[in-house]
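The values are calculated or read from the model by the stated rules, or taken from the named source; none is laboratory data. Because the structure is predicted, anything quoted here is derived from the model rather than measured. Here Cβ is always computed from backbone atoms with ideal geometry, including for glycine, and neighbour counts include all displayed protein chains.
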Amino acid sequence: MAKETENKYRVPALEKGLDILETLARSQTPLSLTELARQLERSSSELFRMLAVLEARGYINKGQTTGNYSLSLKLYELAHLHPPVMNLLEAAAQPMENVTNILRESCHLSVLRQGNVVVLKEVLSPARVRLSVPVGGRFSPVSTVSGRLLLAYLSDEVLAAFLANSDEYAAMAESERETFRAKLAEIREGGVSTAVSETHLGVSDAAVLVGNPHVGLSAALAVASLKASSDSGHFQQIVEQLKQCAQTITQAMGLEDDTNNLL
């Protein structure tokens, strides 16, 4: 359903275009004109011209065989023109390459955007068998190690607002909510978010904070390891190397590691 804005300065055509982009962003699969019209509660005829313009400007793609619509990478490219993001990616490039070669595990860098964890950068392991998390991928902050890490470092006010709008959090029983909030406090105190076999058996995840939340620029640096969960030595090495890598990236950005003062 199209969201009604409370802003008194209404621009219906712009709102219609944004509704289309947001709906496609939330969808796991391309959508047909009919499906978009149904979800936005608009007629196909009023969406058709808007879709044509968005396609012509390169914001969406139309399947050659199905005719269904999906987002292109243009919004992702525009986001990368924002100087803080460019600074983060430039600072992270070499340290991420180094830690990947040391651990022989893929690593990725993510941020919170519009209620999702969005992957900004990935460096693949040199090993033949490896995990990959696609750049531009969007995931749940509640059910991922990177997401919980980033939530843990939000201010109490911002975190409360996020949880108030989270369907996943709302679906939890009160005891589960208490456990979840305690987990965030534990992550904040320990400086690392981990999980073993949370989504896939045999996969261990670890994430640490990059940047400084006090200045509004932070990200999660994470490794999803294919090593056996019983190999605690390797997993501890991952955590230590991630911490060193995060510190290097933070310093390269000209920021101070201020996480200890956030406790």
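A few remarks follow.
- Residue match in segment 165-183 (condition: of a type outside the set (Gly, Ala, Ser), in a strand (DSSP E or B) and at pLDDT 90 or above): no
- Test: residue in segment 160-178 that is in the same structural domain as Asp205 (by TED's automatic domain parsing), farther than 24 Å from Leu120 by Cα and of a type in the set (Phe, Trp, Tyr): yes
- Of the residues making up segment 27-44, just one is at pLDDT below 90 and farther than 13 Å from Tyr69 by Cβ, namely Gln28.
- Residues satisfying the stated conditions in segment 158-188, i.e. in contact (Cβ under 8 Å) with a residue 40 or more places away in the chain and touching a Leu at 6+ places or on another chain (Cβ under 9 Å): Phe162, Arg188
- Residues of segment 193-216 satisfying the condition of being closer than 18 Å to Pro83 by Cα, modelled with pLDDT of 80 or more and not in a helix (DSSP H, G or I): Val210, Gly211, Asn212
- When the test is whether a residue is under 30 Å from Glu35 (Cβ atoms), at pLDDT 85 or above and surrounded by fewer than 19 Cβ atoms within 10 Å (Cβ to Cβ), Val135 passes it.
- The condition of being loosely packed, with under 15 Cβ neighbours inside 10 Å and closer than 28 Å to Leu226 by Cβ holds for only one of Glu186, Glu174, that being Glu186.
- Every pair of residues 6+ apart whose Cβ atoms lie under 9 Å, when the first sits in segment 111-128 and is exposed (fewer than 14 other Cβ atoms within 10 Å of the Cβ) while the second is of a type in the set (Val, Ile, Thr): Pro126/Thr100
- Members of segment 32-84 that are part of a loop (DSSP other than H, G, I, E, B), surrounded by 14 or more Cβ atoms within 10 Å (Cβ to Cβ) and of a type in the set (Gly, Ala, Ser): Ser32, Ser72
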